[in-house]
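**Student:** Below you will find the structure I want to go over with you.
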Amino acid sequence: MIDSCDIAAGEPDTDANGIPDVCEAVDFIRGNANNDANVDLGDGILVLGYLFSGSAIPCLDAADCDDNGQIDITDAIYLFTYQFAGGIPPQAPFPNCGEDPTDGDPLDCQITACP
């Protein structure tokens, strides 16, 4: 099966690894919705702002705390429960930068705090 990365002829490849830049995975920290390199109260508040008032999130994958491929109220609850009630931590990549282990969801990252 051919996908857009197979046919991305002419796309930039700044690291010359043979994979067009638009197709490369971006490292991020799940739960770090506000992209400040810390998972804290501000991230959950930003997820709520995104859902209810249209706030921008630079890395949508980071806001998907339960890694179900969508951002909804459960992501904010998941994050608050982790931070304040001893809930389970966000799904990988967490607590360090890494690639999304689940490929194929519609969420992506434009900007991350990861090197």
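**Student:** Kindly provide the set of residues from segment 79-115 that are in a helix (DSSP H, G or I) and either touching a strand residue (DSSP E or B) at 6+ places or on another chain (Cβ under 8 Å) or not aromatic (Phe, Trp, Tyr) (or both), ordered by number.
**Tutor:** Across segment 79-115, the qualifying residues are Leu79, Thr81, Gln83, Ala85.
**Student:** Considering only residues that are of a type in the set (Asp, Glu) and loosely packed, with under 15 Cβ neighbours inside 10 Å, look in segment 100-115 and name the one that is nearest to Asn34 (Cα to Cα).
**Tutor:** Selected residue: Asp108.
**Student:** Residues in segment 84-104: is at least one more than 12 Å from the chain's Cα centre (by Cα) and aromatic (Phe, Trp, Tyr)?
**Tutor:** yes
**Student:** Now for a separate question. Which numbered condition trips up Ile88, out of (1) under 13 Å from Gly31 (Cα atoms); (2) surrounded by 13 or more Cβ atoms within 10 Å (Cβ to Cβ); (3) without any contact (Cβ under 8 Å) to a residue 60 or more places away in the chain?
**Tutor:** So the condition that Ile88 fails would be (2).
Only the coordinates and a few stated rules stand behind these numbers; no lab work does. Because the structure is a prediction, the values reported are computed rather than measured. Please note: Cβ atoms are built from the backbone with ideal geometry, for glycine as well, and neighbour counts cover all protein chains shown.
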